[in-house]
Amino acid sequence: MASYPPKLIDRLFVRRGDITLERVDAIVNAANPSLLGGGGVDGAIHRAAGPGLLDECRRIGGCNPGEARITGAYNLSARHIIHTPGPVYRGGSSGEREILRASYANSMTLVKEYSLRSVAFPAISTGVYGYPAADACEVAVRTVLDFMLDTGYLADVYFILYDSINYTIYNNFIESLR
Ligand code: APR
């Protein structure tokens, strides 16, 4: 497994709370492939952003799992929303890890393309989609660090956890990399 220079690990931040309140350049939505909203963080983001978001998402017309699309953020403090459907977890032998990795990598690609300096991620796929929290955390953190290592593009990356279990998992994993 790759080891990472402290200057990259220092760009990762773990916070507890509601991602819709984050004042960053982009927040990432754990969307569904229709992009038409849902429950969990998807529902919270659409409720907080307002109806303009749904109108823009309708015009995009959907997004495959692992891919990512960027929209405006409307009533949110953030400037953009990056929508990415993660994988539905079916036991771990159906390419779920690769799809989850792609969700984080393609979101970071949009961060770089739009020259964004900060981005906030929820724990994609660990709710309704059932991905085990510790495995998902390792995929999330390593994919973000690998992206910054490979591209040289650095941004402040916030992992916003809604529950204490995920919060503890992320803090412990990131500290284990130092
Ligand atoms: N801020 C941050 N994190 C949140 C918030 C919030 N406001 N609300 C929920 N979460 C957390 C959940 O606790 C979980 O850890 O986001 C993580 C992802 O859970 P889900 O929102 O259920 O997303 P996911 O598992 O990827 O399932 C996506 O659910 O809501 C539908 O339309 C969505 O079909 C899609 C599916």
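Bear in mind that the values in this text are calculations on the coordinates, not laboratory data. The model shown is predicted, which means the values in this text are computed figures rather than measured ones. Don't worry about glycine lacking a Cβ; one is built from the backbone with ideal geometry, like all the others, and counts go over all protein chains shown.
Numbers below:
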quantity	calculated
Orientation-averaged projected area, Cα convex hull of the stretch 80-125 (nm²)	3.2
Low-density loop positions, chymotrypsin sites (Phe, Trp or Tyr not before Pro), the stretch 138-175 - DSSP coil, at most 11 other Cβ in 10 Å	none
Alpha-carbon centroids, the stretch 10-75 and the stretch 95-132: separation in whole Å	11
Bins of 5 Å from zero: percent of alpha-carbon pairs in the stretch 24-132	2, 14, 25, 25, 20, 9, 3, 1
Within the stretch 82-164, trypsin sites (Lys or Arg not before Pro) in DSSP loop having at most 14 other beta-carbon neighbours inside 10 Å	ARG90, ARG117
Nonlocal amide H pairs with GLY37, under 5 Å, H built at 1.01 Å	ASN32
Dipole of the stretch 1-118, positive direction: furthest Cα of SER115, GLY52, GLY40, with charges on the beta-carbon	SER115
